[in-house]
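The next block holds one structure in the form of structure tokens; read it before the comments.
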Amino acid sequence: MKKSAPARSDHGDWTFFTNHAHVLLCLAADPEMRLRDLATAVGITERAIHKVVSELEAGGILERSRQGRRNVYRIHGKLPLRHPVEAHCTVQGLIRFVVDTKPNRRAAEKT
């Protein structure tokens, strides 16, 4: 996965999604992503990534298994999101929303 774009400084340092959501989105794109690569993509430390992955596993959202020397992650997409405001949505719905609504790079280049 490519490095994420830095936050725009003219609008502050906050983002709409949590680090947990960012990790899920990265693992949905590449279930074999290393923690080091996740840290780079999300923009937090490897230690923080390890904590996020552990919390997602403890919450039943993520399942880790070994294949050879690599971890492979499986997302349980049918589970609801955890906050009451978005509990009517599923994890898979969030992933589909973000992945399916990514702007087409070629279309963006034409404008």
Can you tell me which residue within the range 39-73, out of those that are surrounded by 14 or more Cβ atoms within 10 Å (Cβ to Cβ) and among the hydroxyl-bearing types (S, T, Y), is farthest from A87 (Cα to Cα)?
T40
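Residue by residue, here is whether (1) closer than 12 Å to A28 by Cα; (2) free of Cβ contacts under 8 Å to residues at least 12 places away in the same chain; (3) within 15 Å of the chain's Cα centre (by Cα) holds:
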site	(1), (2), (3)
E55	no, no, yes
L62	yes, no, yes
R70	no, no, no
H76	yes, no, yes
L81	no, no, yes
V85	no, yes, no
T90	no, no, yes
L94	yes, no, yes
V98	yes, no, yes
Output the residue which, of all residues in the range 40-72 that are out of contact with any strand residue (DSSP E or B) (no Cβ under 7 Å at 6 or more places or on another chain) and assigned to a loop (DSSP other than H, G, I, E, B), is farthest from D13 (Cα to Cα).
G68
For the subset of the range 2-22 comprising residues that are hydrophobic (A, V, I, L, M, F, W, C) and modelled with pLDDT under 85, which member is nearest to V98 (Cα to Cα)?
A5
For D37, only one of the following conditions fails: (1) within 22 Å of T101 (Cα to Cα); (2) of a type outside the set (A, V, I, L, M, F, W, C); (3) in contact with a Cys (Cβ under 9 Å, 6 or more places away or on another chain). What is its number?
(1)
Residues of the range 29-38 being surrounded by fewer than 19 Cβ atoms within 10 Å (Cβ to Cβ) and assigned to a helix (DSSP H, G or I), in sequence order, are A29, L35, R36, D37
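The values are calculated or read from the model by the stated rules, or taken from the named source; none is laboratory data. Treat the numbers as computed from the prediction; the structure is a model and nothing was measured. Note that each Cβ is placed from the backbone with ideal geometry, even for glycine, and that neighbours are counted across all protein chains shown.
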